[in-house]
Amino acid sequence: MSTLEARDARRPWILLSPALTAIALLLIAPLCFIVVYSFWLRTATGADMAGFHLDNWAEALTDPFYRDILLNTLKIAAVTTLVCALMGYPAAYFIARSKGNKAILLLLLMLPFWISYIIRTMSWINILGVSGAFNSFFMWVGITSEPIQMLYNETTVILGLVHFLLPFMILNIFVSLDGIDQTLEDAATSLGATRWKAFTEVTLPLSLPGLAAGGLLCFVLGAGTYITPLVLGGPTDAMFANLVFEAIITQLDWPLGSALSLMLLAVLGVLVAIYNRYLGMAQLMKGLG
């Protein structure tokens, strides 16, 4: 290989070196530390004992407490994703088929991202709390005589997650719908199909990759969150990320928290691998772009 060919072969790696260095330092290195920590052992004195111990993994994998919360986390994430899909598809379809005001609608869709996620989550306390807007309105019109407890349950956790994740679902579906030639529906109707039949037979199948990408994104982000159940959930509504937060921040048990975080990462990684196997990551990257 000549000097020129060798330089051309190295050029892509030189251009990628800043990004690869950032990934290595900010993602791979911390992940390696977490893997190592998961095999350490927290002693009775509170110190971490280095070594290769399987106690944390045995506790995380065999204790029904962790298993039940993991299953509940996956259930909440699945319900949230389903609600986001049912609410997000009509909104994305409306934006994609709008003429002249599509940019304005997209701007309005992006406005929630300009507000802190924590503030958006805590705003539900002022809406659903005992002295919030709903209870004040119900008591003012005479529907109830005293405040109703509407917060700190699984329903409000799902509501908060839908509030947070719905724009991601709409954007992914919109990208898919916006790339579909609208004349395909017109061609189907000209051949005798009704508008609904043209939608179900033409538009919906072609938009499924965007729907699947939005579903994956909502599910992963929903399963990995801890702020929403911490703020809007009750004592029995903790999600798996809350266990990681509790172990590391409150109990200062880094080894157990590392094992739990890797356990959640493995479960979500399997789901992403299944998605990549059947649908591929290209549509997800397109949606994120």
Report the residue, chosen from LEU27, LEU71, LEU41, that carries the largest GNM mean-square fluctuation when the chain is represented by alpha-carbon nodes joined by springs under 10 Å.
LEU27
For the range 252-258, Karplus-derived ³J(HN,Hα) couplings (6.51, -1.76, 1.60; θ = phi - 60°; whole Hz; x for glycine and proline) come out as 6, 9, 4, x, 5, x, 5
Dipole magnitude (debye, nearest 20) for the chain, charges at Cβ of Lys, Arg, Asp, Glu:
840
Cα-Cα pairs above 19 Å in the range 99-225: how many percent?
65
Please list, in chain and number order, the residues 5+ apart from LEU151 or on another chain whose amide H is under 5 Å from its amide H, with Hs placed from the backbone.
none
Working from the pairwise distances between different alpha carbons, so that the mean of 1/r is found and then inverted, what is the range 230-277's Kirkwood radius in Å?
11.9
Quarter of the Cα convex hull surface for the range 144-289, i.e. its orientation-mean projected area (nm²)
13.1
Can you report the principal axis dimensions of the chain using only the alpha carbons, biggest first, rounded to whole angstrom?
85, 75, 33
Hey, can you rank 12-21, 155-164 by average C-beta count inside 10 Å, highest first?
155-164, 12-21
Grab the beta carbon distance between ASP181 and TRP140, set R0 = 45 Å, and tell me the FRET efficiency rounded to 0.05.
0.30
Can you count the Lys pairs in the range 61-288 with C-alpha separation below 26 Å, eight or more apart or on different chains?
4
I'd like to compare 148-154, 31-37, 76-82: which one has the highest average count of other Cβ atoms within 10 Å, and what's the full order after that?
76-82, 148-154, 31-37
Place the peptides 136-142, 179-185 in order of packing, highest mean first, counting for every residue the other Cβ atoms within 10 Å and averaging per peptide.
179-185, 136-142
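Read the figures in this text as sums done on the coordinates, not as results from a lab. Small disclaimer: the values here were computed from a predicted structure and weren't measured. Don't worry about glycine lacking a Cβ; one is built from the backbone with ideal geometry, like all the others, and counts go over all protein chains shown.
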